[in-house]
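Q: Could you have a look at this structure, given as structure tokens, before my questions?
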Amino acid sequence: MLREGCPLLVDNTPYSLSPAKALTNCVDDDQDSVADGNALRLHPCESELRQTFWAVQRADGYFAFRSALSGKCLHVRGASKAGGAVIEQSTCSYASDQLWKPSLVDSSVMALSSRSSGLSLNVANDKASQDGQGIVQGQIDDSADTQWRVTRRTAASYVAFSPSGELGIRIAHQAEVATLGADDKTSAQWIVVPGLSEASMVSFQSRNSPGRYLRHASFRLWSDTNDGTDAFKRDATFRYSQPFVGSNLLDIALESSNFPGRYWTREGANISLSTSDTTDFKKNATWRLSGR
């Protein structure tokens, strides 16, 4: 229940977004894409990373919405101020074209207006019930396609990493030690955030110990506390790359930002940072993302 005087959104909290006139449809990255420029669309609501967006509070009551899958933010294409401009995902800069102010419409829905243009998050052509319809910015009015139900997520907000073809095991940590095992508790769940050293890439923050991030040291993956140094930030920043094997949209390789060409690679229960062109390497350096 939304009420005047209460926060309509909460910082660092995952949500799904549905238009008031089609509450069973959600804003969706229908390509499971991690690329800048991928347009957002409406699709039937599911418990999927691609439909989850973390609210990031900025000044003056504005929020950015960061994808739980890509770590990128909802953005007005080309920083346009025109009605009908496409909403896409882009590297989080928290510029005005990535910031949205919530305002109460009634006890269940809100409007979300762009800091840059003053226009509202909207559904293209007033067709909110149509599968695949694009998300745009448009005039703020009383029509239901400019009003949004923003629902706190209880699932599909965190990622787990499993080796290719072995979804029953995941990367988990105990203090600084990161290993592979059957653990599916919060120690095996990670928040995707913009890269600590380069925002166009990604870093992975521990769910149960938020000061810790996956990073490499001595060419092995660890879960270490961020000490704020440039060296740590570089070691904890990775690039989503095309998988070496597999065709699922959530199959990926993870490349080091500061050692290009070296990828997360399974070595028994450990994860190394290595490179090769062998068949075994290609399998062991491909990972499946799943939502938790």
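Q: Quick one: Karplus J couplings for the range 74-84, per residue in order, coefficients 6.51, -1.76, 1.60, θ = phi - 60°, nearest Hz, x for Gly and Pro?
A: Listing the rounded values in order: 4, 8, 7, 4, x, 6, 5, 9, 8, x, x Hz.
Q: Determine how many Å³ per residue the convex hull of the Cα atoms of the range 13-152 encloses.
A: Working: hull volume 12.6 nm³, N = 140.
Cα convex hull per residue, to the nearest whole number: 90 Å³.
Q: Give the cross-link partners of Lys233 among the aspartates and glutamates, using a straight C-alpha distance below 12 Å as the criterion and excluding same-chain residues fewer than 8 apart.
A: Leaving aside aspartates and glutamates fewer than 8 places away in the same chain, those within reach of Lys233 are Glu198, Asp224.
Q: Pairs of alpha-carbon atoms within less than 8 angstrom and 6+ residues apart define the contacts here; what relative contact order does the range 1-127 have, in percent?
A: Values: 260 pairs, mean separation 27.8, N = 127.
Dividing the mean separation by the residue count of the range 1-127 yields 22 percent.
Q: Give the residue list of trypsin sites (Lys or Arg not before Pro) in the range 1-43 that are DSSP loop and have at most 15 other beta-carbon atoms within 10 angstrom.
A: Loop-located and lightly packed - Arg3.
Q: Need the C-alpha centroid separation for the range 144-168 versus the range 82-137, integer Å.
A: 20 Å
Q: If you add up the charges near Asn226, with Lys and Arg at +1 and Asp and Glu at -1, over every other residue whose beta carbon is less than 11 angstrom from its beta carbon, what do you get?
A: The answer is 0.
Q: What percent does the relative contact order of the range 240-292 come to when contacts are Cα pairs within less than 8 Å and at least six residues apart? Could you put the intermediate results ahead of the total?
A: Numbers: 83 pairs, mean separation 19.5, N = 53.
Once divided by the residue count of the range 240-292, the mean separation gives 37 percent.
Q: Separate question: Assuming R0 = 41 Å, can you tell me the calculated FRET efficiency for the pair Ser93 and Ser276, based on Cβ-Cβ distance, to the nearest 0.05?
A: Calculated transfer efficiency: 0.70.
Q: Which of the lysines could a cross-linker span from Lys127 if the Cα-Cα distance has to be under 19 Å and same-chain partners fewer than 8 positions apart are dropped?
A: Lys21
Q: Report the longest stretch of the chain that contains none of the GluC sites (Glu not before Pro) sitting in a DSSP loop with at most 14 other Cβ atoms within 10 Å.
A: The longest such stretch corresponds to 47-165.
Q: Going by C-beta contacts inside 10 Å, put Thr13, Thr286 in order with the fewest on the left.
A: Details: Thr13 17, Thr286 25.
Fewest-to-most ranking of Thr13, Thr286: Thr13, Thr286.
Q: Let me ask another. Might you list the cysteines of the chain that have no disulfide-compatible partner by the rule of another cysteine's Cβ under 4.7 Å?
A: Cys6
Q: Sticking with this structure for a sec: Quick one: Karplus J couplings for the range 12-25, per residue in order, coefficients 6.51, -1.76, 1.60, θ = phi - 60°, nearest Hz, x for Gly and Pro?
A: 6, 10, x, 9, 10, 10, 10, x, 4, 8, 8, 5, 8, 10
Q: Got the relative contact order for the chain handy, in percent, Cα pairs under 8 Å and 6 or more residues apart?
A: It comes to 15 percent, rounded to a whole number.
Q: For the chain, report the convex hull volume of the alpha-carbon atoms normalised per residue, in Å³, without decimals.
A: About 126 Å³ per residue, rounded to a whole number.
Q: Just tell me which aspartates and glutamates come within less than 20 Å, Cα to Cα, of Lys282; anything on the same chain fewer than 8 places away is out.
A: Within the straight-line cut-off, Lys282 pairs with Glu166, Asp251, Glu255, Glu267.
Each reported figure results from applying straightforward, stated rules to the coordinates on display, with no laboratory input. Nothing here was measured: the structure is a model prediction, and the numbers come from that model. Positions of Cβ are backbone-derived with ideal geometry, glycine not excepted, and every protein chain shown enters the neighbour counts.
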